[in-house]
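One structure is given below, encoded as structure tokens.
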Amino acid sequence: MQVFPLRDKLTGLLTREGFLSKLTGSSCQRGLAVVWFNLDNFKMFNKRFGFERGDSILMEIAGLLTKIFRGELIARFCDDNFVVLTEWTSVEMNIESLQEYLYSSHENIALRLRAGIYFPSECEDIRLSCDRAKLACDSIRKNHSLNSCMFHEGMSRELALQQHILDNLDSAINKKHIRVLYQPIVKIESGKICEIEALARWFDPEKGFISPGEFINTLEQYMEIHKLDIHAFRQVCRDYEARIKKGMPLIPVSINLSRLDFELCDIYSELEDALTLCRIPPELIRIEITESINDEDMTLLNLGIEKFRARGHEVWMDDFGSGYSSLNVLKDYNFDTIKFDMKFLHGFDINKSEKAKYIISSNLQMARLMGMQALAEGVETLEQLEYLRSIGFDKAQGYYFGKPMNLDEIFSLERGIEYTS
Ligand code: C2E
Ligand code: MG
Ligand code: MG
């Protein structure tokens, strides 16, 4: 039987096992709070500053926790995850002073220690309480305006949905509950449809419609995203094959790949095998990759992108401008087209949005100088379209031209298709 240490070697705090062992068999207690702490981007921090400095931050946090939550149960569960069981009355004040201490001694680096708080009911299983505090902590990962957050029941529902997604992915693929719809992309000059984007849709018999916003995040978080992506492009290939067999015309389609696909499987061979099986020429398939690329997978991703391009696929950068690293990503990778994130056009008013206009037009110019085409996402009004036309955008996509729909519907749209030879 494996014996887990009860004390953490690095920080001297309790380990997860040490923490739990202190609580088993103890009588129910009232008025306590469980706090889960996590440091943002700790992996990146280690990469940037080295493991020694990473270790010293962990020790510093352990020291601060011990000082501020004196006499309470404090543990380092794993990596950069710390848990405290404390009095509920002073919990928020203590978290704040901990964060203040930490930030004031590291003013020159962007450190963020998130905290999730949960107030357990009497006699509740402590492991469940910790999970809930963690859930609260995870919920503000992307919300930089909050550094701490209390658990609420909605988070349990989110967790249940996540679990449902993970448990049912394989069967949803096999039973065709996950389908692909296509959204038109329009050449601004001619006003005609020149390409389409394939977007996954999950119609679940139990939960109803699950939006990509929900399942993509979960599948990425749990490293299952490649299964969905392979399924989606196989479906695209089958849809295209059916039209080829009937002698019907086709236009290029873009498929969304996650940057994680490049780590999780041989995504290049998967796609090429699917294309060969259905006799689809690679020139018909564009690859969209989101900009949220971090340094870690750079080599793998760059090799992947170049391989796809050498094979005849265009590679597009999706959601440009939505993350932190857009400009660096443009510098380090070769893309044929930049898709400007729809946030650029959000609330756009031709007479008022001066700043938005500067940002859009200067980024467009940059794309031009780098020899890339520019596509604007999220076009919803004629006014937006006219502005994009006036500054020289190549293509546009958005509800103004059509929502995602079945492949055959695209070809019956009044707007018409512009075929490239
Ligand atoms: P995306 O690739 O940037 O796709 C555009 C999203 O914007 C789609 O949402 C589309 O329905 C929506 N959209 C298009 N025009 C408009 C508009 O005018 N206004 C507004 N408000 N929204 C518009 P959807 O289908 O919900 O997909 C969300 C994201 O999920 C996609 O963003 C993409 O990143 C991801 N996704 C979808 N399908 C797949 C897939 O098969 N694989 C992977 N890896 N990701 C996928
Ligand atoms: Mg996309
Ligand atoms: Mg996009």
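The values are calculated or read from the model by the stated rules, or taken from the named source; none is laboratory data. Computed from a predicted structure; not experimentally measured. Glycine gets a Cβ as well: all are built from the backbone with ideal geometry, and neighbour counts include every protein chain shown.
So which of Arg48, Arg30 ends up being in contact (Cβ under 8 Å) with a residue 24 or more places away in the chain and either out of contact with any Lys or Arg (no Cβ under 8 Å at 6 or more places or on another chain) or not aliphatic (A, V, I, L, M) (or both)?
Details: Arg48 fails: in contact (Cβ under 8 Å) with a residue 24 or more places away in the chain.
Just one listed residue meets the conditions, Arg30.
Scan segment 130-162 for residues that are in contact with a Lys or Arg (Cβ under 9 Å, 6 or more places away or on another chain) and outside any helix (DSSP H, G or I) and report the count.
Number satisfying all stated conditions: 8.
Within segment 147-182, take every residue that is among the basic types (Lys, Arg) and over 21 Å from the mean Cα position of the chain (by Cα) and give me the one that is farthest from ligand 2 (Cβ to nearest atom). Let's see the steps before the verdict.
Start the filter on segment 147-182 by keeping residues that are among the basic types (Lys, Arg), which leaves 157, 175-176, 179.
Narrowing further to those that are over 21 Å from the mean Cα position of the chain (by Cα): 175-176.
Working: Lys175: 25, Lys176: 22 Å.
Checking each candidate, the answer is Lys175.
Within segment 228-279, restricting attention to residues that are without any contact (Cβ under 8 Å) to a residue 12 or more places away in the chain and of a type in the set (Gly, Ala, Ser), which residue is nearest to Leu301 (Cα to Cα)? Outline the logic, then answer.
Of segment 228-279, the ones without any contact (Cβ under 8 Å) to a residue 12 or more places away in the chain are 242, 245-247, 266, 269, 273, 276.
Filter once more, so that each one left must be of a type in the set (Gly, Ala, Ser): 242, 247, 269.
Working: Ala242: 32, Gly247: 36, Ser269: 14 Å.
Among those that are without any contact (Cβ under 8 Å) to a residue 12 or more places away in the chain and of a type in the set (Gly, Ala, Ser), it is Ser269.
Right, Ile305: within 25 Å of Lys43 (Cβ to Cβ) and touching a strand residue (DSSP E or B) at 6+ places or on another chain (Cβ under 8 Å) or not? It would help to see each step written out before you state the result.
Numbers: within 25 Å of Lys43 (Cβ to Cβ): yes; touching a strand residue (DSSP E or B) at 6+ places or on another chain (Cβ under 8 Å): yes.
Yes, satisfied.
Considering only residues that are assigned to a helix (DSSP H, G or I) and free of Cβ contacts under 8 Å to residues at least 12 places away in the same chain, which ones fall in segment 353-367? I'd like the intermediate steps shown before the answer.
Our first condition is that a residue be assigned to a helix (DSSP H, G or I); within segment 353-367, this holds for 354-367.
Within segment 353-367, Glu354, Lys355, Tyr358, Ser362, Gln365 qualify.
Out of Leu330, Leu388, Leu375, Leu369, which single residue is farther than 30 Å from Val236 by Cα and more than 10 Å from ligand 1 (Cβ to nearest atom)? Please lay out each step first, then the result.
On the way: Leu330 fails: farther than 30 Å from Val236 by Cα; Leu388 fails: farther than 30 Å from Val236 by Cα; Leu375 fails: farther than 30 Å from Val236 by Cα.
After ruling out the rest, the residue left standing is Leu369.
Can you tell me which residues in segment 312-325 are within 15 Å of ligand 2 (Cβ to nearest atom), within 27 Å of Asn143 (Cβ to Cβ) and not in a strand (DSSP E or B)?
If we filter segment 312-325 for residues that are within 15 Å of ligand 2 (Cβ to nearest atom), which is where we start, we get 313-323.
Retained after the next criterion (residues that are within 27 Å of Asn143 (Cβ to Cβ)): 317-323.
Those that are within 15 Å of ligand 2 (Cβ to nearest atom), within 27 Å of Asn143 (Cβ to Cβ) and not in a strand (DSSP E or B): Gly321, Ser322, Gly323.
If you go through segment 245-262 one residue at a time, do you hit one that is basic (Lys, Arg), within 15 Å of ligand 2 (Cβ to nearest atom) and under 24 Å from the mean Cα position of the chain (by Cα)? Break it down into steps so the answer makes sense when it comes.
Let us first name the residues in segment 245-262 that are basic (Lys, Arg), namely 245-246, 259.
Okay, now just the ones that are also within 15 Å of ligand 2 (Cβ to nearest atom), so 259.
If we keep only those that are under 24 Å from the mean Cα position of the chain (by Cα) too, we end up with 259.
Among the residues of segment 245-262, at least one is basic (Lys, Arg), within 15 Å of ligand 2 (Cβ to nearest atom) and under 24 Å from the mean Cα position of the chain (by Cα), which makes the answer yes.
Each row is one residue, and each column tells you yes or no for (1) closer than 20 Å to Thr15 by Cα; (2) aromatic (Phe, Trp, Tyr); (3) modelled with pLDDT under 95; (4) in the same structural domain as Asn46 (by TED's automatic domain parsing).
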| residue | (1), (2), (3), (4) |
| --- | --- |
| Thr86 | yes, no, no, yes |
| Ser90 | no, no, yes, yes |
| Ser104 | no, no, yes, yes |
| Glu107 | no, no, yes, yes |
| Tyr118 | yes, yes, no, yes |
| Ser139 | no, no, yes, yes |
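Away from ligand 2 (no atom under 16 Å from the Cβ), at pLDDT 90 or above and small (Gly, Ala, Ser): does that describe Gly371?
On the way: away from ligand 2 (no atom under 16 Å from the Cβ): yes; at pLDDT 90 or above: yes; small (Gly, Ala, Ser): yes.
Yes, satisfied.
Hey, can you tell me all the residues within segment 338-384 that are within 23 Å of the chain's Cα centre (by Cα) and of a type in the set (Asp, Glu)?
Selection gives Asp341, Glu377.
Can we say Gln397 is in contact with a Pro (Cβ under 8 Å, 6 or more places away or on another chain), surrounded by 15 or more Cβ atoms within 10 Å (Cβ to Cβ) and modelled with pLDDT of 95 or more?
Details: in contact with a Pro (Cβ under 8 Å, 6 or more places away or on another chain): yes; surrounded by 15 or more Cβ atoms within 10 Å (Cβ to Cβ): yes; modelled with pLDDT of 95 or more: yes.
For Gln397, the condition - in contact with a Pro (Cβ under 8 Å, 6 or more places away or on another chain), surrounded by 15 or more Cβ atoms within 10 Å (Cβ to Cβ) and modelled with pLDDT of 95 or more - is met.
Give all pairs with beta carbons closer than 7 Å in which a residue from segment 286-308 that is more than 12 Å from ligand 2 (Cβ to nearest atom) meets a residue that is modelled with pLDDT of 95 or more; count only pairs at least 6 apart in sequence or on separate chains.
Short answer, once both residue conditions are applied: Gly304/Ile267; Gly304/Tyr268; Ile305/Val315; Lys307/Tyr268; Phe308/Tyr268; Phe308/Ile287; Phe308/Val315.
Select from segment 187-222 the residues that are under 22 Å from Arg157 (Cβ atoms), more than 22 Å from the chain's Cα centre (by Cα) and among the acidic types (Asp, Glu) and list them in ascending order.
Hit for segment 187-222 is Glu206, nothing else.
Within segment 301-329, can you find the residues that are among the aliphatic types (A, V, I, L, M) and modelled with pLDDT under 85?
Initial filter on segment 301-329 (among the aliphatic types (A, V, I, L, M)): 301, 303, 305, 310, 315, 317, 327, 329.
If the condition is that a residue be among the aliphatic types (A, V, I, L, M) and modelled with pLDDT under 85, then Leu327, Val329 are the ones that fit.
Only one residue in Ile350, Ile287, Ile280 is within 14 Å of ligand 3 (Cβ to nearest atom) and either assigned to a loop (DSSP other than H, G, I, E, B) or assigned by TED's automatic domain parsing to the domain that holds His231 (or both), so which one is that? Walk me through it before giving the result.
On the way: Ile350 fails: within 14 Å of ligand 3 (Cβ to nearest atom); Ile280 fails: within 14 Å of ligand 3 (Cβ to nearest atom).
Exactly one residue qualifies, and that residue is Ile287.
Counting just the residues of segment 333-366 that are more than 16 Å from ligand 1 (Cβ to nearest atom) and of a type in the set (Lys, Arg), which one comes out surrounded by the fewest Cβ atoms within 10 Å (Cβ to Cβ)?
In this case the residue turns out to be Lys355.
Check segment 398-416 and report whether any residue there is in the same structural domain as Ile255 (by TED's automatic domain parsing), out of contact with any Ser or Thr (no Cβ under 7 Å at 6 or more places or on another chain), over 22 Å from Tyr182 (Cβ atoms) and free of Cβ contacts under 8 Å to residues at least 40 places away in the same chain.
No, because not a single residue in segment 398-416 is in the same structural domain as Ile255 (by TED's automatic domain parsing), out of contact with any Ser or Thr (no Cβ under 7 Å at 6 or more places or on another chain), over 22 Å from Tyr182 (Cβ atoms) and free of Cβ contacts under 8 Å to residues at least 40 places away in the same chain.
Ser292 is checked against (1) modelled with pLDDT of 95 or more; (2) buried (at least 16 other Cβ atoms within 10 Å of the Cβ); (3) polar (S, T, N, Q) and fails just one. What number does that condition carry?
Of (1) modelled with pLDDT of 95 or more; (2) buried (at least 16 other Cβ atoms within 10 Å of the Cβ); (3) polar (S, T, N, Q), only one is false for Ser292: (1).
Inside segment 174-210, can you point out the residues that are within 11 Å of ligand 1 (Cβ to nearest atom), in contact (Cβ under 8 Å) with a residue 60 or more places away in the chain and out of contact with any Ser or Thr (no Cβ under 9 Å at 6 or more places or on another chain)? So that I can check it myself, show each step before the final result.
Here is the first cut: in segment 174-210, the residues within 11 Å of ligand 1 (Cβ to nearest atom) are 178-185, 197-202, 209-210.
From what's left, in contact (Cβ under 8 Å) with a residue 60 or more places away in the chain: 181-185, 197, 199, 201.
Within segment 174-210, Leu181, Tyr182, Gln183, Pro184, Leu199 qualify.
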